[in-house]
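Okay, so here's the structure we're looking at.
Throughout, read-outs are computed from the coordinates displayed, never taken from laboratory work. Bear in mind the structure is a predicted one, so any value in this text is a computation, not a measurement. Please note: Cβ atoms are built from the backbone with ideal geometry, for glycine as well, and neighbour counts cover all protein chains shown.
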Amino acid sequence: MERKIKQAVVLGAGTMGGGIAALLAGVGIKTYLLDIIPPDLSDSEKGNKKARNRIVSGGLDRVIKSKPALLFDKSDTDLITVGNIEDDAAEYLARADWIVEVVFEQLDVKKKTFSLIEKYKKPEALVSSNTSGISIRKMLEDASSELKKKTIITHFFNPVRYMRLLEIVPHPETDKETMDFFVDFGTNVLGKGVVIGKDTPNFIANRIGVHSILYLIKCMVEDDFKPEEIDKIFGPALGRPKSAIFRTADLVGLDVLSHVIKNMYESLEDAQEKEFYTLPDFMKKMIEQKYLGEKTKQGFYKKVNIEGKKAILVYDYKTGEYRSQSEVRFECLGKAKKLEGVGEKIKAVVSSEDKAGKLAWKVLAETLLYSANKIPEIADDVCSIDNAMKWGFNWQLGPFETWDAIGVSSSVERMEKEGMKVPPFVRDMLNKGQASFYKREEGRKVYFDIPSSKTFDVPKPSGAIFLQDIKSAQKIIKKLTSATLLDIGDGVLCLEFHSRMNSIDDDIVTLMNFALDEAKKNYIGLVLGNEGDTFCAGANVFGLLLAAQSKAWDGIDLMVQTFQNANMKMKYSEVPVVVAPFNMTLGGGLEITLHAPRIRAHSELYSGLVEFGMGLIPAGGGTKELWVRLVERIPQDAAIDLFPLLQKAFETIALAKVSTSAKEAYNLGFLREGIDTITLNKDKLIGDAKEVVLAMAKEGYAPKRERKVKVLGKSGYAAIQVGIKNFSWGGKITEHEEVMAKGLARVLTGGDKEEGAEVTEQHLLDLEREVFLQLLGTPKTQERIQTFLTTGKIIRN
């Protein structure tokens with residue numbers, strides 16, 4: 001019988017416990033969240049269940065209020081039941097298919113919790129510990145053999161919803177069935193990137209990451225760098241997140257970082273390595289003064305108001321005081337900014353001879369060598385270490401991928417020339433003619449396996465499709481500057497965008513039309529998907545502004561009409577088409593998505609029709625399609641008041657509402673219940689979309705029949721105009737925003753029609769273009785676009 005997790009217990013309602021409970025509820029698992037009874041209950045409170053649950057209820061309340069949101073949707077809390085360990089553990093543990101303990105990171109507390117679990121759990125239940133580094137052998141040394149067989153470490157990273165890494169560490173007695181289940185469950189149900197670690201101090205990601213941070217801090221002090229300089233160097237220029245080192249430390253919390261370092265010190269046996277894991281004195285002082293980061297409103301950085309203006313001060317580790325940040329300029333960072341690929345950026349920085357370049361090389365070389373020396377101690381292969389750092393620390397490239405990017409042979413020569421000791425297996429790899437840790441062979445990505453000195457396929461989730469593999473297998477049908485059409489197998493095509501921010505331009509629309517024709521003639525169906533950082537950030541507004549300033553109105557009209565026609569062609573395609581949006585799917589990107597016969601979205605979907613911020617309305621069919629979607633749910637003969645639907649559509653566009661998840665996209669009308677579906681594992685998105693295409697074809701797909709749509713006409717326009725006027729008189733919108741709002745209302749109500757009239761989609765599309773061009777021709781809208789392009793900010797003029 002296939003094992004399923006229907007009910008789970010999370011023991012511990014702190015930051016991690018609350019985050020895990022939110023994730024489990026988000027994937028439909030009934031979850032019991034438990035914590036201790038407050039130790040300071042008064043006599044009158046001791047019999048009060050609400051008071052006894054005060055700690056756990058506070059934990060759930062923090063989850064509900066968290067920003068960014070830990071819940072995919074607020075309704076997920078319906079699946080979370082709170083309780084306390086003393087009153088409820090026996091009942092809830094006996095129900096659970098999975099019990100995960102997230103209690104205080106202290107060995108005796110962990111061992112006591114496992115004794116409680118073993119006392120009440122059902123025999124077949126699985127158990128795990130969310131520890132960041134405590135040995136599973138020590139935690140279970142008093143446990144029965146039966147418990148050991150069913151228990152592993154599941155180390156989630158914070159915040160649980162957003163951090164992709166899940167480190168799984170087995171006990172020596174953990175049975176294969178338990179391991180296999182958690183790998184599959186973590187990958188396919190929870191959508192995580194699973195890495196198998198070993199029962200070593202701090203496992204993989206924290207072992208490498210914390211070593212890198214401590215070494216960098218040591219170099220900062222020795223080489224006289226400022227914290228803001230370090231964050232500038234060790235940010236995107238080196239393939240690291242914008243939060244870099246010290247902003248990340250503030251987010252994690254200096255106390256948490258200190259705890260991880262302390263655990264390393266206490267757990268390591270090698271005396272030389274052990275001594276490395278000590279906090280510098282200035283950080284000890286920061287922790288004593290409660291300069292812990294975001295949680296105490298000050299850490300390495302501190303937000304303040306100076307003369308009415310917001311500013312961010314930085315902690316000066318030399319003086320122990322906060323000061324204004326200095327301007328950071330290094331030649332190598334300027335070079336890197338002009339380059340596109342992350343590997344090229346890193347190579348440019350570490351090969352530079354300026355002060356920043358020398359520091360970057362010094363720290364990177366140490367990290368590469370440390371990572372290599374930890375195989376096979378903490379992991380058996382380079383893939384596990386690379387994935388752990390990408391998924392757990394948001395590095396764009398893992399250590400060995402970075403080594404490949406800067407050149408293994410040349411960097412090893414430099415290391416040896418500078419007196420660094422390179423692990424023998426790296427030199428052995430080069431001597432055997434293997435120039436890199438990874439390479440592509442016949443459409444497959446392979447890695448160099450250290451024990452066997454052979455290459456093996458890089459592991460990937462079942463059903464995952466990587467477009468780079470497809471390209472390397474020479475399965476390109478057609479390629480333009482901003483888009484490529486690929487054959488992804490089984491008669492299915494994939495249209496990939498790869499413009500800057502995947503913004504829509506002529507290439508994308510041209511290839512979209514070609515792809516639809518090609519799919520109709522020679523294939524089963526089509527997927528629209530890509531592997532960028534964002535699905536599509538909208539239209540190319542720079543080109544649009546230039547055309548407007550040149551008064552090329554006929555050209556703009558034709559361009560918008562061409563985009564509308566491509567979306568309509570997709571909507572009524574004779575073969576199945578599935579759009580696979582993820583992350584930012586804004587403006588024109590959402591307009592493409594809304595016209596898809598089916599959508600397979602990633603769970604992290606931040607979608608919205610945001611054109612109003614630019615002084616425009618959606619004109620690629622987005623305004624029309626949002627209204628069509630709301631109205632088409634209503635039976636044709638039903639006598640239903642359409643005005644609430646008009647209000648919803650108007651507010652969604654006028655307020656530029658953006659979903660914070662795919663689940664929330666259902667509430668906004670961007671996804672359709674019973675039609676559009678969600679994938680949690682980003683690596684599987686394109687593969688899952690392909691499977692939807694194949695299923696649609698197998699079912700005998702036929703396109704929807706276009707039908708006319710009801711509008712509220714002049715009476716609806718008059719009714720919504722009252723609200724617009726009230727906002728204008730109340731000073732809540734500007735004069736230009738009133739013009740914009742009236743234009744939007746005109747499209748949504750169908751123009752000069754009578755209430756209840758039925759119009760074609762083309763009628764609404766024509767109105768869209770008309771209003772769009774009118775607004776684009778105004779100085780106020782052009783000012784909004786210009787300001788956004790110059791500053792990245794939206795103004796209200």
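The table for this structure:
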quantity	calculated
Added length on full extension, which subtracts the Cα-Cα distance from 0.36 nm per residue, Arg707 to Lys74	224.3 nm
Relative packing of 714-725, 551-562, which averages over residues the other C-beta atoms within 10 Å, highest first	714-725, 551-562
Relative packing of 601-607, 583-589, which averages over residues the other C-beta atoms within 10 Å, highest first	583-589, 601-607
³J(HN,Hα) computed for each position of the stretch 264-275 - Karplus, 6.51 cos²θ - 1.76 cosθ + 1.60, integer Hz, glycine/proline x	4, 4, 6, 9, 6, 9, 5, 4, 5, 5, 4, 5
Value of relative contact order over the stretch 228-275, rounded to a whole percent, pairs C-alpha under 8 Å and six or more apart	21 percent
For the stretch 642-650, Karplus couplings with θ = phi - 60° (6.51, -1.76, 1.60), whole Hz, Gly/Pro x	7, 5, x, 5, 4, 4, 4, 4, 4
Expected 222 nm ellipticity per residue - DSSP helices of 4 or more, -39500 (n - 2.57), all of the chain, to 500	-14000 deg cm²/dmol
For Lys192, residues with placed amide H under 5 Å, excluding near neighbours	Thr187
Cα shape, the stretch 1-94, gyration tensor, a/c 1.5 rule	oblate
Linear extension gain, Gln647 paired with Asp224, 0.36 nm per residue minus alpha-carbon span	146.4 nm
C-alpha center-to-center spacing [the stretch 223-275, the stretch 83-118] in angstrom	32 Å
Cα-based helix-to-principal-axis angle, 382-393 vs the chain, degrees rounded to 10	70 degrees
Residue list for the stretch 461-501, given a label point 7 angstrom along the Cα-to-Cβ vector of Lys521 and an amide N cut-off under 18 Å	476-480, 484-488, 491-495
Under 12 Å, Cβ to Cβ, from Met286 - net charge with Lys/Arg +1 and Asp/Glu -1	-2
Listed pairs Lys624/Lys682; Lys138/Lys362; Lys67/Lys303; Lys262/Lys454; Lys571/Lys663; Lys218/Lys355 exceeding 27 Å between Cα atoms	Lys624/Lys682; Lys138/Lys362; Lys262/Lys454
Karplus-derived HN-Hα couplings along the stretch 16-28 (A = 6.51, B = -1.76, C = 1.60, θ = phi - 60°), whole Hz, x at Gly and Pro	6, x, x, x, 5, 4, 5, 5, 4, 4, x, 9, x
Cα shape, the stretch 601-697, gyration tensor, a/c 1.5 rule	oblate
Cα lying deepest toward the dipole's positive end in the stretch 549-647, options Met584, Gly622, Ile640, charges on Cβ	Met584
Candidate aspartates and glutamates for bridging to Lys284, where Cα separation is under 15 Å - those fewer than 8 sequence places away on the same chain excluded	Asp250, Asp255, Asp316, Glu321
Beta bridges by DSSP in the stretch 117-250, antiparallel share as percent, to the nearest 5	40 percent
Charge dipole (the chain, unit charges on Cβ, about Cα centre) - positive-most of Val9, Leu368, Gly197	Val9
Asn667/Lys725 FRET efficiency (R0 25 Å; Cβ-Cβ; nearest 0.05)	0.30
For Ala539, distant residues with modelled amide H under 5 Å away	Ile504, Gly588, Gly589
Inter-probe distance in nm under a simple model that places probes 7 Å from Cα toward Cβ, at Asn513 and Glu288	7.2 nm
Long-range HN-HN contacts of Val610 with modeled amide H, under 5 Å	Gly587
Equivalent ellipsoid semi-axes - Cα gyration tensor, the stretch 515-641, angstrom	24, 20, 17
Point-to-point label distance, Asp449-Asn48, nm (Cα→Cβ direction, 7 Å offset)	6.3 nm
Positive-end extreme of charge dipole, the chain - chosen from Ser409, Ser326, Ser715 (charges on Cβ)	Ser715
For the chain, share of DSSP beta bridges that run antiparallel, in % to the nearest 5	45 percent
Sorted peptide list for 9-19, 729-739, criterion being average Cβ within 10 angstrom, highest first	9-19, 729-739
Relative contact order (%) - the chain, alpha-carbon pairs under 8 angstrom, separation at least six	8 percent
Prolate/oblate/rounded call for the stretch 263-340, Cα gyration tensor, a/c under 1.5 rounded	oblate
